[in-house]
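Working notes, beginning with the structure itself.
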Amino acid sequence: MLTIPVWQVDAFSDGNFRGNPAMVCALDKWLPDELLLKMAQQHNQSETAFFVAAKGGIELRWFTTHTEVNLCGHATLATAHVIFHHLDYPDARISFDTASGQLTVSREGDWLTLDFPVGKTEEQLPPQEMLKALGISHYLHARQGRAWLIELENREQVEAVTPDFAAMKPGEHKVTITAKGAGDYDFVSRFFSPGVAVPEDPVTGSAHTMLIPYWSEKLGKTQMLARQLSARGGDMRCELKGNRVLMSGTACTWMQGKILLR
């Protein structure tokens, strides 16, 4: 029997039942991919993060209940939270080796900051079937990168979108909808990815790698506060630094235990 430490963490949240939950598993060595996928399916969260402490750094991978993904912000934040707060990591900065290159997370008090590469986007004409599935008849701008980015007129329009997930094509229709914010928030967003078993993601770091440079250019500022308008919701401090984006948030452990793998 193999015993694996595991934690469930609410990322981009200062309390339970908010932000984006992720499972985090600490491995001594890598297990077969098909076993990692079965574990993620058993956990039934949007993402399960697996990490292995290797020479010179920490290797990190992410799995949904359907597949391995090459970038996940909230599960990276959750993993850093576990390493800092439960495994007594002595430094103020962690380097992760991932499928998206080296990613770092630094801490300052309760706040953790992800350092990710900019997600580039290009102006594109979105497919009509995707807009129909989202229920969007009018938009201001549309761009495509690692996912679609659709700008709507205001927060109320973003909140009102009710997608037909069954009509969204797997692998094609990953999309973030966004609008200029009001009050303390510079911009707001929502993110949908039903093709990888995440109909609506509560708080999405990977989407913000596109949103931060987009809104930085539109608003003429490099430091911003963002709100993701999912049912659970979450806040993110954002900064554009050249070809990197900094995304800061807090996290809260929901539970911890051990997997007894037979």
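Overview of values
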{"item": "Filter result (in contact (Cβ under 8 Å) with a residue 40 or more places away in the chain and among the acidic types (Asp, Glu)) within region 73-118", "result": "Asp97, Asp110, Asp115"}
{"item": "Qualifying positions in region 57-77 - assigned to a strand (DSSP E or B) and surrounded by fewer than 21 Cβ atoms within 10 Å (Cβ to Cβ)", "result": "Gly57, Ile58, Glu59, Glu68, Val69"}
{"item": "Qualifying residues in region 90-116 (those that are in contact with a Lys or Arg (Cβ under 8 Å, 6 or more places away or on another chain) and among the polar types (S, T, N, Q)) - the one surrounded by the most Cβ atoms within 10 Å (Cβ to Cβ)", "result": "Thr98"}
{"item": "Count - residues of region 217-262 that are surrounded by 21 or more Cβ atoms within 10 Å (Cβ to Cβ) and either modelled with pLDDT under 95 or part of a helix (DSSP H, G or I) (or both)", "result": "1"}
{"item": "Every residue from region 110-138 that is in contact with a Leu (Cβ under 6 Å, 6 or more places away or on another chain) and not in a strand (DSSP E or B)", "result": "Thr121"}
{"item": "Filter pass, Ala142 being surrounded by 15 or more Cβ atoms within 10 Å (Cβ to Cβ), in the same structural domain as Lys174 (by TED's automatic domain parsing) and modelled with pLDDT of 95 or more", "result": "yes"}
{"item": "Which listed residue, of Thr209, Thr162, Thr176, is of a type in the set (S, T, N, Q) and touching a His at 6+ places or on another chain (Cβ under 9 Å)", "result": "Thr176"}
{"item": "Residue in region 221-233 that is of a type in the set (D, E, K, R), within 18 Å of Gly19 (Cα to Cα) and in contact (Cβ under 8 Å) with a residue 12 or more places away in the chain present", "result": "yes"}
{"item": "Residues that are part of a strand (DSSP E or B) and closer than 14 Å to Phe51 by Cβ, drawn from region 78-101", "result": "Ile94, Ser95, Phe96, Asp97, Thr98"}
{"item": "Among the candidates Glu200, Glu153, residue that is assigned to a strand (DSSP E or B) and surrounded by fewer than 23 Cβ atoms within 10 Å (Cβ to Cβ)", "result": "Glu200"}
{"item": "Test: residue in region 119-126 that is under 22 Å from Gly242 (Cβ atoms), touching a residue at least 40 places away in the same chain (Cβ under 8 Å) and buried (at least 17 other Cβ atoms within 10 Å of the Cβ)", "result": "yes"}
{"item": "Yes/no for Ser100 being under 22 Å from Ser216 (Cβ atoms) and at pLDDT 95 or above", "result": "no"}
{"item": "Given (1) in a loop (DSSP other than H, G, I, E, B); (2) under 28 Å from Leu35 (Cβ atoms); (3) within 20 Å of the chain's Cα centre (by Cα), index of the condition Pro163 fails", "result": "(2)"}
{"item": "Residue tally, condition acidic (Asp, Glu), within 16 Å of the chain's Cα centre (by Cα) and not in a loop (DSSP other than H, G, I, E, B), over region 5-52", "result": "1"}
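The values are calculated or read from the model by the stated rules, or taken from the named source; none is laboratory data. No experiment lies behind these values; they were computed from the predicted model shown. Virtual Cβ from ideal backbone geometry, glycine too; neighbours counted across all protein chains shown.
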